[in-house]
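Engineer: Shown below is the structure under consideration.
The values are calculated or read from the model by the stated rules, or taken from the named source; none is laboratory data. Since the structure is predicted, the reported quantities are computational estimates derived from the model, not experimental observations. Here the Cβ positions follow ideal geometry from the backbone for every residue, glycine too, while neighbour counts run over all protein chains shown. Only protein heavy atoms, including side chains, enter the accessible area calculation; ligands, DNA and RNA are left aside. Shrake-Rupley method; radii C 1.70, N 1.55, O 1.52, S 1.80 Å.
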Amino acid sequence: MDARMWDGLVGVVKETYTASLGEGAVPRPLMMPLVRGELVGLIWVRPLKVGQDALAGIAELANIAAAAGADEVVLAWETHDVATACELPIIGPAPCLNMVLATPGGHVLHQFPYTEQLLSTSPEGWASVAPDWSPAPAPQPGGELVPPIQAAVNFSFTPIETRSASPSC
């Protein structure tokens with residue numbers, strides 16, 4: 001992926017996170033499959049239940065990339081949100097927007113840590129915040145990914161077998 005495309009995707013994801021956090025929500029994990037350098041989709045993970053459902057739901061993002069024949073994928077997620085949903089320990093900075101660029105040959109982890117500036121609190125207790133983006137650490141080739149993100153990366157490049165239309169299936 002060329003630097004201009006990458007910078008554009010990072011900008012769009014950061015803007016989305018900023019808008020969502022301002023509304024009191026953290027965006028769900030997101031996958032963007034690419035085929036020959038062209039973005040072919042933008043897929044948010046389905047609503048998830050905490051635990052196994054979250055692990056499976058995030059990994060299932062790979063189905064879209066595999067079906068599209070993606071040769072690159074970008075995944076984005078928030079450290080604390082995914083750790084909480086999947087009942088995993090927090091790995092890396094938090095709060096932090098993570099983005100991974102992956103190909104069949106490997107991946108590079110990009111982290112965009114931020115601090116939260118409180119904007120308001122609703123009567124129900126929801127906090128509206130603005131991210132104050134900190135300097136990003138250097139990209140990490142082969143950087144450690146949480147298990148459901150690693151699974152999504154791994155399976156994004158595994159072709160989906162065509163299923164038979166036989167009534168015995």
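Engineer: Which numbered condition in (1) touching a His at 6+ places or on another chain (Cβ under 6 Å); (2) surrounded by 17 or more Cβ atoms within 10 Å (Cβ to Cβ) is the only one that Pro139 fails?
Structural biologist: With (1) touching a His at 6+ places or on another chain (Cβ under 6 Å); (2) surrounded by 17 or more Cβ atoms within 10 Å (Cβ to Cβ) applied to Pro139, the lone miss is (2).
Engineer: Please pick out the residue among Leu75, Leu61, Leu42 that is within 22 Å of Asp7 (Cα to Cα) and either surrounded by 22 or more Cβ atoms within 10 Å (Cβ to Cβ) or in contact with a Phe, Trp or Tyr (Cβ under 8 Å, 6 or more places away or on another chain) (or both).
Structural biologist: It is Leu75.
Engineer: Could you check Leu109 against (1) open to solvent by 80 Å² or more (accessible area, probe 1.4 Å); (2) in a strand (DSSP E or B); (3) within 26 Å of Gln52 (Cα to Cα) and say which number it fails?
Structural biologist: Condition (1) is where Leu109 drops out.
Engineer: May I ask you to verify whether Val10 is of a type outside the set (Lys, Arg) and at pLDDT 95 or above?
Structural biologist: yes
Engineer: Which of the residues spanning the stretch 143-156 are in a loop (DSSP other than H, G, I, E, B) and either open to solvent by 50 Å² or more (accessible area, probe 1.4 Å) or modelled with pLDDT under 85 (or both)?
Structural biologist: Within the stretch 143-156, Glu144 is the sole residue that qualifies.
Engineer: Can you confirm whether Glu124 is over 22 Å from Thr16 (Cα atoms), loosely packed, with under 14 Cβ neighbours inside 10 Å and of a type in the set (D, E, K, R)?
Structural biologist: Judged against the criteria, Glu124 is a match.
Engineer: If we only count helices (runs of 4 or more DSSP H) wholly inside the stretch 1-98, which ones have 3 or more residues that are within 18 Å of Pro139 (Cβ to Cβ) and out of contact with any strand residue (DSSP E or B) (no Cβ under 6 Å at 6 or more places or on another chain)?
Structural biologist: Helices (runs of 4 or more DSSP H) meeting the threshold: 3-22.
Engineer: Can you tell me which residue among Asp2, Asp53 is loosely packed, with under 15 Cβ neighbours inside 10 Å, closer than 16 Å to Pro148 by Cβ and out of contact with any Lys or Arg (no Cβ under 8 Å at 6 or more places or on another chain)?
Structural biologist: Asp53
Engineer: From (1) more than 12 Å from the chain's Cα centre (by Cα); (2) over 21 Å from Ser156 (Cα atoms); (3) open to solvent by 20 Å² or more (accessible area, probe 1.4 Å), pick out the condition that doesn't hold for Asp81.
Structural biologist: All conditions are met except number (1).
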